[in-house]
Amino acid sequence: HMNLYTRTALVQSMLGSRFETSRAIANSLRFAVHFFYYAHPATWAMSGYDGPFAHLAPQLSEQRMRYLELTKTRA
């Protein structure tokens, strides 16, 4: 229910607190916001990120290929 200015001031005061717990909470919130912002596909183009694993084709191991062979014959 706080406005943007009040929320920003609260987080800034927590980051500058002499108490380690307050600083840890504020840094965790900051990390979560950064993660969720940059993890969203809409932000990838403007940052030059082409997505996870650069759209490389998966390389199947022998076990996975064998599993695919076994499951195809059963279906």
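The values are calculated or read from the model by the stated rules, or taken from the named source; none is laboratory data. This one's a predicted model, so the numbers in the text were calculated from it and none came from an experiment. In this analysis, Cβ positions are derived from the backbone assuming ideal geometry, glycine residues included, and neighbour counts consider all displayed protein chains. Just the protein is used for accessible areas: all its heavy atoms, side chains included, with ligands, DNA and RNA removed. Shrake-Rupley method; radii C 1.70, N 1.55, O 1.52, S 1.80 Å.
Tabulated results
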| quantity | calculated |
| --- | --- |
| Hits in the stretch 11-40 - residues which are closer than 30 Å to F53 by Cα and open to solvent by 80 Å² or more (accessible area, probe 1.4 Å) | L29, R30, F31, V33, H34, F35, F36, Y37, Y38, H40 |
| Whichever residue in the stretch 20-71 is basic (K, R) and within 30 Å of L10 (Cβ to Cβ) and, among such residues, is modelled with the lowest pLDDT | R30 |
